[in-house]
1. For the subset of segment 1-16 comprising residues that are within 12 Å of the chain's Cα centre (by Cα) and part of a loop (DSSP other than H, G, I, E, B), which member is farthest from residue 98 (Cα to Cα)?
2. Just for segment 25-46: of the residues that are touching a helix residue (DSSP H, G or I) at 6+ places or on another chain (Cβ under 8 Å) and closer than 16 Å to residue 96 by Cα, which one is surrounded by the most Cβ atoms within 10 Å (Cβ to Cβ)?
3. Return yes when residue 110 is within 22 Å of the chain's Cα centre (by Cα) and either at pLDDT 85 or above or loosely packed, with under 10 Cβ neighbours inside 10 Å (or both) and no when it is not.
4. Can you name every one of the strands (runs of 3 or more DSSP E) wholly within segment 17-109 that holds 1 or more residues which are closer than 12 Å to residue 7 by Cα, touching a strand residue (DSSP E or B) at 6+ places or on another chain (Cβ under 6 Å) and in contact (Cβ under 8 Å) with a residue 24 or more places away in the chain?
5. Considering only residues of segment 61-82 that are over 18 Å from residue 38 (Cβ atoms) and touching a helix residue (DSSP H, G or I) at 6+ places or on another chain (Cβ under 8 Å), which is surrounded by the most Cβ atoms within 10 Å (Cβ to Cβ)?
6. Given the conditions (1) in contact with a helix residue (DSSP H, G or I) (Cβ under 8 Å, 6 or more places away or on another chain); (2) surrounded by fewer than 16 Cβ atoms within 10 Å (Cβ to Cβ); (3) closer than 13 Å to residue 16 by Cβ, report the number of the one that residue 89 does not fulfil.
């Protein structure tokens with residue numbers, strides 16, 4: 001198990017209009033992207049954000065090892081800018097996913113070993 005925020009390069013929440021918010025999960029490479037897509041189900045995201053799975057749109061974007069993004073779009077809990085809206089830009093929604101533990105098997109062990117070797121090499 002590893003925290004999603006530790007194995008991905010960036011997780012961001014963003015405003016997608018007054019009724020929708022979008023969360024992007026960026027990966028540095030195709031292997032990480034595919035491991036995250038496999039480990040993170042739409043049902044788990046729906047449970048985390050307490051919304052109906054049918055209301056979530058999932059996009060797995062992978063283009064020639066340049067773009068490796070898993071994106072979820074869902075209805076905002078309140079209309080943007082209303083009196084009860086506490087996050088106008090939807091930037092705070094990403095933290096829930098960043099702190100989520102995901103099981104991506106051997107990928108974590110390989111990634112941690114490579115990361116440790118990089119830091120020991122003095123290149124960072």
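The values are calculated or read from the model by the stated rules, or taken from the named source; none is laboratory data. Note that this is a predicted model, so its numbers are computed, not measured. Backbone-built Cβ (ideal geometry, glycine too); neighbour counts: all protein chains shown.
1. 9
2. Per the criteria, the residue is 25.
3. Details: within 22 Å of the chain's Cα centre (by Cα): yes; either at pLDDT 85 or above or loosely packed, with under 10 Cβ neighbours inside 10 Å (or both): no.
It is false that residue 110 is within 22 Å of the chain's Cα centre (by Cα) and either at pLDDT 85 or above or loosely packed, with under 10 Cβ neighbours inside 10 Å (or both).
4. Working: elements: 20-26, 57-63, 67-75.
Once the strands (runs of 3 or more DSSP E) in segment 17-109 are filtered for at least 1 residues that are closer than 12 Å to residue 7 by Cα, touching a strand residue (DSSP E or B) at 6+ places or on another chain (Cβ under 6 Å) and in contact (Cβ under 8 Å) with a residue 24 or more places away in the chain, what remains is 20-26.
5. Out of the qualifying residues, it is 74.
6. Answer for residue 89: the failing condition is (1).
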